[in-house]
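To keep things clear, I will list the structure first and then write my remarks on it.
The values are calculated or read from the model by the stated rules, or taken from the named source; none is laboratory data. The model shown is predicted, which means the values in this text are computed figures rather than measured ones. Here the Cβ positions follow ideal geometry from the backbone for every residue, glycine too, while neighbour counts run over all protein chains shown. We work out accessible area using only protein heavy atoms, side chains counted, and drop any ligands, DNA or RNA first. Shrake-Rupley method; radii C 1.70, N 1.55, O 1.52, S 1.80 Å.
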Amino acid sequence: IMDPPYEASMHTADRIVKAKGGWGTVTEAHSFEAMDEHTRSEITRLVINKIDGWTLIFCQSEGAYYWKNAIETHGGKYRFTGVWVKPMSKPNLSGDSPGLGYESIVGGWCSSGRSRWNGGGSPAVWTANPEKRSVGNNHTSIKPQLLMVKLVELFTDKNQIILDAFMGSGSTGVAAVSTGRRFIGIERDPDYFEICCRRIEEAQSGIFATPYVKVK
């Protein structure tokens with residue numbers, strides 16, 4: 001379950017736009033690069049070779065086609081493109097077009113045989129408001145904790161290992177350990193990595209006897 005960087009078209013330096021007091025706006029750049037085709041291909045190849053079950057990939061709508069192709073190119077089975085609906089998402093402050101009220105989730109099956117999940121015939125549509133940044137978690141793309149818990153419960157079983165190759169601030173890891181799953185996370189930014197460790201240790205407290213081990 002991973003939330004990689006989005007496409008270059010949605011990753012410009014002024015992508016993060018915030019209203020300021022009074023009139024006008026201020027912009028803020030992401031601290032990480034946009035997705036490129038080499039990274040997409042390599043991470044998909046490695047994931048499909050290692051994973052026995054689902055891979056879920058957050059992306060913008062324009063990126064779903066490319067992730068679907070990557071999954072199929074490397075031997076996985078594309079199963080669906082779902083939607084994360086954001087009722088209180090950021091409006092388009094320029095007012096010249098609608099704001100974007102959703103993000104996509106591409107699902108691929110990396111095992112033999114038929115895919116299975118814990119959601120029966122329910123639709124791949126999940127509603128949750130965006131998570132707000134805080135003093136303890138200043139990542140620019142935080143996924144809602146309730147959404148991550150829901151996805152973990154729907155697509156994995158207890159005691160399974162969940163891999164997040166773009167750990168960010170650790171929301172997938174927190175959802176994993178808080179629902180009785182095990183977790184492997186990869187994050188190259190040392191500041192975000194420290195946030196991940198703290199959040200996962202807090203979620204893990206009282207759940208597992210084995211302490212979380214930091215590896216750099």
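In sequence order, what are the phi-derived ³J(HN,Hα) couplings for the range 190-204 according to the Karplus relation 6.51 cos²θ - 1.76 cosθ + 1.60 with θ = phi - 60°, rounded to whole Hz, with x for glycine and proline?
Per residue, the Karplus-derived 3J(HN,Hα) values read x, 5, 5, 4, 5, 4, 4, 4, 5, 5, 5, 4, 5, 5, 7 Hz.
Order the peptides 99-109, 157-167 from the highest to the lowest mean number of other Cβ atoms within 10 Å of their residues. Don't skip to the answer; put the middle values down first.
Values: 99-109: 19.4, 157-167: 17.8.
The most tightly packed comes first, giving 99-109, 157-167.
As a test of reading the structure, rank Ser41, Ser171 by solvent-accessible area (1.4 Å probe, protein chains only), most first. Write down the numbers at each step before the final one.
Values: Ser41 40, Ser171 10 Å².
Descending accessible area places them as Ser41, Ser171.
Going by amide H atoms built from the backbone, whose H comes under 5 Å of the H on Ile162, apart from near neighbours?
Arg182, Phe183, Ile184
Cross-link candidates for Lys77: which aspartates and glutamates have Cα within less than 16 Å, leaving aside residues fewer than 8 places away along the same chain?
Reachable aspartates and glutamates: Asp52.
With a cut-off of 17 Å, note down the residues of the range 148-182 whose backbone N falls inside the zone around a label point 7 Å from the Cα of Ala124 toward its beta carbon.
148, 150-156
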